1. If I ask for residues that are over 15 Å from residue 101 (Cα atoms) and out of contact with any strand residue (DSSP E or B) (no Cβ under 9 Å at 6 or more places or on another chain), which ones from the range 117-152 would you list?
2. Out of (1) closer than 19 Å to residue 207 by Cβ; (2) in contact with a helix residue (DSSP H, G or I) (Cβ under 7 Å, 6 or more places away or on another chain); (3) at pLDDT below 95, the odd one out for residue 146 is which?
3. Please tell me if residue 231 is outside any loop (DSSP other than H, G, I, E, B) and crowded, with 19+ Cβ neighbours inside 10 Å.
4. Output the number of residues of the range 234-264 satisfying the condition of being under 17 Å from residue 78 (Cα atoms) and surrounded by fewer than 16 Cβ atoms within 10 Å (Cβ to Cβ).
5. How about the range 194-214: which of its residues are surrounded by 14 or more Cβ atoms within 10 Å (Cβ to Cβ) and out of contact with any strand residue (DSSP E or B) (no Cβ under 9 Å at 6 or more places or on another chain)?
6. Tally up the residues in the range 41-79 that are under 14 Å from the mean Cα position of the chain (by Cα) and either touching a residue at least 24 places away in the same chain (Cβ under 8 Å) or more than 30 Å from residue 178 (Cα to Cα) (or both), please.
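The values are calculated or read from the model by the stated rules, or taken from the named source; none is laboratory data. These numbers come from a predicted model, not from an experiment. Methodologically, a virtual Cβ is constructed for each residue, glycine included, from the backbone with ideal geometry; neighbour enumeration extends over all protein chains shown.
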């Protein structure tokens, strides 16, 4: 009997449909004796394909490369993106900026191993959801340590930690765990400014796509509005997809407007298109 083509071979592992071309728990680094791992999808075909590094949410202290963010795996795989969903060190065991350092390390690793996954390191995006959106956006605006990308997607991403903390009247529980601090003093404000992507916007950054529900009570919608405005003030292209009536949790967005996935993929295809 003839074996099925690779793109039809599917197994179920830990509740997830896994394509034969997927690679799970690939180690992309070791820090403090802790292995840093990612899951990767390698498209079926010759390539090279555009690549997307995916950074999960969870308030910097929880979450996983296979949880909420997995709702985007299917659309990206269907459109022949080589994608890499990463885990990073979590608080409170690991304080800021460990999670940012891991995000940058993952981007560098993916660039260096692009050929192994039929990817093109010159057609690369970073995408993050919630706390992962803050990490993705910050890694992109800092553009240091050879972690530059050609496109950025922030999904319900907090981009101004100072403004968000002022709105809340103090540090969120998540930030308390991440920073190891409970009160907002001068040093805390300095840390909040340091981790806010909005403070590093400059001309020449790659294009951004922001996606957020306008009923988000965790990360207020104005974060995306203000971030988009400042990007555009500096000549950086930025589109905002609003999921009308949607809350913060991405797994609920299909009930409001499932077309956000199509818009995300279409935007990435445009920005990462092969140059002719």
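1. First pass over the range 117-152, keeping only residues over 15 Å from residue 101 (Cα atoms): 117-125, 127, 129-130, 149-152.
Hit for the range 117-152 is 122, nothing else.
2. (1)
3. Details: outside any loop (DSSP other than H, G, I, E, B): yes; crowded, with 19+ Cβ neighbours inside 10 Å: yes.
The answer is yes for residue 231.
4. The first filter runs over the range 234-264 and keeps only residues under 17 Å from residue 78 (Cα atoms), leaving 258-264.
From the residues that got through so far, the ones that are surrounded by fewer than 16 Cβ atoms within 10 Å (Cβ to Cβ) too are 258-259, 262-263.
Going through the range 234-264 one residue at a time, the tally reaches 4.
5. Taking the range 194-214 first, the residues surrounded by 14 or more Cβ atoms within 10 Å (Cβ to Cβ) are 194-201, 205-214.
The answer is 194, 195, 196, 198, 199, 200, 201.
6. Looking only at the range 41-79, we keep the residues that are under 14 Å from the mean Cα position of the chain (by Cα), and these are 51-60, 63-73, 76.
Within this subset, residues satisfying the condition of being either touching a residue at least 24 places away in the same chain (Cβ under 8 Å) or more than 30 Å from residue 178 (Cα to Cα) (or both) are 51-60, 63, 65-66, 68-73, 76.
Matching residues across the range 41-79 total 20.
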